[in-house]
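Take a look at the structure below.
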C-alpha cells in the first residue's frame, strides 16, 4: 500500500472546491493516508455514482489514515486518497464500503501528489455500482445552503395559507385561487436559478420579523 503524508483534508457530504471551504469546517491535518492510482472511469464512478467498495480493500485501509489533533495522533476507520493523475480526491467510507464524504486537496498538496503519482502503477479497483446519483445542478456550496434554507422555511409555512399567498404574490407577481405551498415548490423546481434569490430574501425578511 502506498501512502501520502502531511496533507490537509476537509471531508463533507459534497465535493467542495478549496475556495468553498469555511473557517468553521473541521479540517484534518492528515499524517498519512492510503493512496491509489485509478482509471478516470473508476474515479468518476466513485464521485458520481452510489457504489459499494470491495471488502478486501476495506480491510487493507482500516485505521491506516492518521491525523494530528493537538499533541496526539488519531486514526480514521476507512479513508483513502485516489487519483487518475489528473484529479485527486479523498474518500471517507462507512463500514459497509459506501462513500460517506469527500475532500479535495489544497493546491500545493495536489501538485505534490500528482507529481508523486507518476511513479505509481494504477490498480484494478473492485467495487459495485448500486445506482446513479441524482445530479445536483446547484454547483456552489452557498447555493446548496440557500436551497436547504428555502425548503426548510417552506415546510414551516405549509399550513399558513395567507403567508403562502403573500409570498407567491410578492415573489412571482401572480394571483392564484389555490393557496398551496406546492405552487411555490413548482416555481422553484421549474426555474430555480432565476427565482431562488427573491424567495430567499423574502423568507429571510419574514424570519427576522418572527
Answer from 101, 153 - the residue that is outside the structural domain of residue 31 (by TED's automatic domain parsing) and either touching a residue at least 60 places away in the same chain (Cβ under 8 Å) or within 30 Å of residue 188 (Cα to Cα) (or both) = 153
For residue 150, work out the one condition from (1) out of contact with any helix residue (DSSP H, G or I) (no Cβ under 6 Å at 6 or more places or on another chain); (2) farther than 30 Å from residue 97 by Cα; (3) modelled with pLDDT of 80 or more it doesn't fulfil.
-> (1)
Scan region 86-122 for residues that are within 16 Å of residue 41 (Cβ to Cβ) and surrounded by fewer than 15 Cβ atoms within 10 Å (Cβ to Cβ) and jot them down.
-> 86, 122
Taking residue 60 as meeting all but one of (1) within 15 Å of residue 97 (Cβ to Cβ); (2) surrounded by fewer than 17 Cβ atoms within 10 Å (Cβ to Cβ); (3) within 19 Å of the chain's Cα centre (by Cα), write down the number of the exception.
-> (3)
Can you name every residue in region 148-167 that is closer than 30 Å to residue 18 by Cβ and surrounded by fewer than 17 Cβ atoms within 10 Å (Cβ to Cβ)?
-> 148, 149, 151, 152
Return yes or no: is residue 72 over 23 Å from residue 8 (Cα atoms) and in the same structural domain as residue 113 (by TED's automatic domain parsing)?
-> no
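The values are calculated or read from the model by the stated rules, or taken from the named source; none is laboratory data. No experiment lies behind these values; they were computed from the predicted model shown. Methodologically, a virtual Cβ is constructed for each residue, glycine included, from the backbone with ideal geometry; neighbour enumeration extends over all protein chains shown.
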